[in-house]
1. Would you be able to tell me the number of residues in region A:17-48 that are over 14 Å from the mean Cα position of the chain (by Cα), within 11 Å of chain B (Cβ to nearest Cβ) and not in a helix (DSSP H, G or I)?
2. Taking into account only those residues within region A:118-143 that are closer than 13 Å to A:Cys21 by Cα and among the β-branched types (Val, Ile, Thr), which is surrounded by the most Cβ atoms within 10 Å (Cβ to Cβ)?
3. Please work out which one of (1) assigned to a loop (DSSP other than H, G, I, E, B); (2) farther than 22 Å from B:Asp97 by Cβ; (3) more than 10 Å from every other protein chain (Cβ to nearest Cβ) is the condition B:Asn10 fails and give its number.
4. Considering only region B:50-76, state which residues are more than 9 Å from every other protein chain (Cβ to nearest Cβ) and assigned to a helix (DSSP H, G or I).
5. Could you grab the pairs with beta carbons closer than 7 Å, sequence gap of 6+ or different chains, first residue in region B:36-57 and under 14 Å from A:Leu32 (Cβ atoms) and without any contact (Cβ under 8 Å) to a residue 24 or more places away in the chain, second one small (Gly, Ala, Ser) and part of a helix (DSSP H, G or I)?
6. Which one of these does A:Thr53 not meet: (1) within 14 Å of chain B (Cβ to nearest Cβ); (2) at pLDDT 95 or above?
7. Restricting to region B:82-103, and then to whatever is surrounded by fewer than 16 Cβ atoms within 10 Å (Cβ to Cβ), part of a loop (DSSP other than H, G, I, E, B) and not polar (S, T, N, Q), can you tell me which residue is farthest from the other protein chains (Cβ to nearest Cβ)?
8. Is it true that A:Gly121 is at positive phi, in contact (Cβ under 8 Å) with a residue 12 or more places away in the chain and part of a loop (DSSP other than H, G, I, E, B)?
Amino acid sequence: MYVVLDGSTGYKTIEDLASLCFSFFDECCFVLTNPQGNALYQGLPILSRLSLTKNGSFMVFSSINEFLENINPEKVYVLDKSKGQEEFPDSLGNKDAIVFPDNKTKETKFKTNKELIYFKGLGEDLTLSSEASIILYEIKKRL
Amino acid sequence: MKGLVIYKLNSSTYIKEFYDICREFGIKNYALVSISSTDCLPGINYVLKQKEDINVYFFKDLNEFYERLRPRALVTLSKYGNSLEGSFDWLIVGHLDRLDIEQYNIKVIKDETRLNIIAGTTKFLIESHGAREL
């Protein structure tokens, strides 16, 4: 499965989500798309160190669409509070991706023929790291 | 050519140099596989911080590379190979053993030069692609 963080500008969310991904799942690949600012300068060195010490895998793409084109995941679940109905995906298969957009000012623009499955997450006041940790834990329990 | 794979080359210098080769030849995908030493962190961080349109992959092993990227034809260079026939999409360089080659059906292309791994790869890319004069 792929845990995707899109448009992140800070290093802390990268550290938190990559750690969750590497600790919770055996077959999980952390994907970073379109990292900006501190995410590039501080986040990427943290990600590479985490991957080496925790034996994790990751991918870095300039956009979410590059990821979809190159990897072609089976199902793509996207956290979107305005479009989603369910709190989180029922289950995630090995070739599915779950996307956490981390840019509050810019909407993630998908250019794909693939059907996107939106879910609304848990609450407005949670940080992305907290929300992602609860969602991923729920998914882990169902595996 | 779709991409270049660096396999079990635990050296920052190699990781940087091969990335630069990707940039020079317009290779859009760069995979680091079975890189396990923290000595490689400067090389990995160099690669990640470049603002090029090159997708970077970091995988635990060759099996994961295969499952996630599904290469069509993977080739490597060796003194004991055959001449290049047909096309390929990924080139892998590094410490492959016979088991890797058999298990993943890697085609071995003859490299008769006495050049080091970086120069030999560059020469192969120029000859096989005629991509660019350096």
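1. Summing the residues that are over 14 Å from the mean Cα position of the chain (by Cα), within 11 Å of chain B (Cβ to nearest Cβ) and not in a helix (DSSP H, G or I) in region A:17-48 gives 3.
2. Here the residue is A:Ile135.
3. Every listed condition holds for B:Asn10 apart from (2).
4. The answer is B:Leu62, B:Asn63, B:Phe65, B:Tyr66.
5. Pairs that qualify, where the first residue is under 14 Å from A:Leu32 (Cβ atoms) and without any contact (Cβ under 8 Å) to a residue 24 or more places away in the chain and the partner is small (Gly, Ala, Ser) and part of a helix (DSSP H, G or I), are B:Asn45/A:Ser48; B:Leu48/A:Ser48.
6. A:Thr53 satisfies all of (1) within 14 Å of chain B (Cβ to nearest Cβ); (2) at pLDDT 95 or above except (2).
7. B:Glu85
8. yes
The values are calculated or read from the model by the stated rules, or taken from the named source; none is laboratory data. Predicted model only: the values in this text are computed from it and were never measured. Quick reminder, even Gly has a Cβ in these numbers, built from the backbone with ideal geometry, and neighbours come from all protein chains shown.
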